[in-house]
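S.K.: Okay, handing you the structure first.
The values are calculated or read from the model by the stated rules, or taken from the named source; none is laboratory data. Since the model is a prediction, treat every value here as computed from it, not as a measurement. Quick reminder, even Gly has a Cβ in these numbers, built from the backbone with ideal geometry, and neighbours come from all protein chains shown.
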Amino acid sequence: MQLHTLKREHPNKKPQQVGRGGTRGKTSGRGGKGQTARAGNKRRPQMRDIIKKIPKLRGYRFASHDTKATPVNVGSLNIFAVGAIVSPKTLFENALIRRVGGKLPKVKILGTGDITVKVLIEGCIVSKTAKEKIEKAGGSIK
């Protein structure tokens, strides 16, 4: 018996190496073929790309901009009776404004045209020139 002829009674079992990494075999636990099977696979969430495409509307749950008021000119308020209350609701009923997203929008009364009827303005934003014309006609703003 010589040193170089010695053998173990139970020889070491070498590990079976297939696919290098992950589980053994073909795709090594990476699923099928394509982007996800490759190294450096990083897919972004779908919602992120949609958000990034919309300018100045960043964020997932927030509308970063304030909805703009629907303009109504002072001249179109002559359809109301003397002493009538002008509000977004009455403007909608008289077809001067439409619903936006199923709701009544904010309303801004602008100074184009002339008003001859005395009216009470409620729940509307009023421009400086419109305010002067309404008050000149005897109306008021709440």
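S.K.: Taking segment 106-124, which residues are touching a strand residue (DSSP E or B) at 6+ places or on another chain (Cβ under 9 Å) and surrounded by fewer than 14 Cβ atoms within 10 Å (Cβ to Cβ)? Before the answer, list the steps.
M.R.: Going residue by residue through segment 106-124, those that are touching a strand residue (DSSP E or B) at 6+ places or on another chain (Cβ under 9 Å) are 106-113, 118-124.
Scanning segment 106-124 gives a single hit, 113.
S.K.: Residues 134, 109: which one is at pLDDT 95 or above, β-branched (Val, Ile, Thr) and farther than 18 Å from residue 69 by Cα? I'd like the intermediate steps shown before the answer.
M.R.: Details: 109 fails: farther than 18 Å from residue 69 by Cα.
Just one listed residue meets the conditions, 134.
S.K.: Determine the pairs where a residue that is β-branched (Val, Ile, Thr), located within segment 127-138, has a partner that is in a helix (DSSP H, G or I) and at pLDDT 95 or above with Cβ atoms under 7 Å apart, the partner being 6 or more residues away or on another chain.
M.R.: 134/74
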